[in-house]
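So the structure is just underneath, and the comments pick up after that.
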Amino acid sequence: MSVVEHENGMPEARLREALAHSGQRYTEQRAAVYRYLCSVESHPSADDVFTAVRSSIPDISLATVYKSLETLVGCGLAAKLTYGDGSARYDGRLDPHHHARCLDCGAVMDVPGHLSADVVRTLGPVAGFGVEGYRLELIGHCESCEDGPHA
């Protein structure tokens, strides 16, 4: 069972409610993209989602997948993880958690555990900047890439 199902009840009902609340229509394409995000622990790119969803909706376009992902992010049903190189990955897990990203293959993994509020407070204020939250990302090399020829 995915985190989304466990925390929020059935994904389909949650999707319909969030879309209606945001003034968006429910479509089978959006539902398929959401079901896929709820079913994986990976953090897929839009291309990954497109490839996976095409098996159940053969005529879905990449543009529709991109629009569906952005709608899900806008409705608060998914998170978009962006990087300086312009790439993005999507996360169906919405509870507070951190990530590790491989510098070679780009894989993104959830990091178990959390930082306590006391640890975060030790960072202190940033002059001229109002902090509203934080995002921790560990960077390095995944096991597959460490074992590869370039390690």
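The values are calculated or read from the model by the stated rules, or taken from the named source; none is laboratory data. What you see is a predicted model; the values in this text were computed from it and never measured. In this analysis, Cβ positions are derived from the backbone assuming ideal geometry, glycine residues included, and neighbour counts consider all displayed protein chains. Note: accessible area is taken over every heavy atom of the protein model, side chains too, but ligands, DNA and RNA are not part of it. Shrake-Rupley method; radii C 1.70, N 1.55, O 1.52, S 1.80 Å.
General observations
- Within the stretch 106-136, considering residues that are surrounded by 12 or more Cβ atoms within 10 Å (Cβ to Cβ) and within 21 Å of SER42 (Cβ to Cβ), the one modelled with the lowest pLDDT: HIS114
- For the stretch 140-149, the candidate set comprises residues that are outside any helix (DSSP H, G or I) and either surrounded by 10 or more Cβ atoms within 10 Å (Cβ to Cβ) or among the charged types (D, E, K, R) (or both); within that set, the residue that is modelled with the lowest pLDDT is GLY148.
- Complete set of residues in the stretch 10-33 that are acidic (Asp, Glu) and closer than 21 Å to ALA52 by Cβ: GLU12, GLU28
- Looking across GLU28, GLU17, GLU12, one residue alone is open to solvent by less than 70 Å² (accessible area, probe 1.4 Å) and out of contact with any strand residue (DSSP E or B) (no Cβ under 7 Å at 6 or more places or on another chain). It is GLU12.
- Taking the listed residues ALA31, ALA13, the one that is modelled with pLDDT of 95 or more, outside any loop (DSSP other than H, G, I, E, B), over 15 Å from the mean Cα position of the chain (by Cα) and of a type outside the set (Ser, Thr, Tyr) is ALA31, with no other qualifying.
- Checked against the criterion of being farther than 28 Å from ALA13 by Cβ and of a type in the set (Gly, Ala, Ser), the candidates ALA52, ALA78, ALA32, ALA107 yield just one match: ALA107.
- Restricted to the stretch 34-51, and to residues there that are part of a helix (DSSP H, G or I) and open to solvent by less than 30 Å² (accessible area, probe 1.4 Å), the residue that is modelled with the lowest pLDDT is CYS38.
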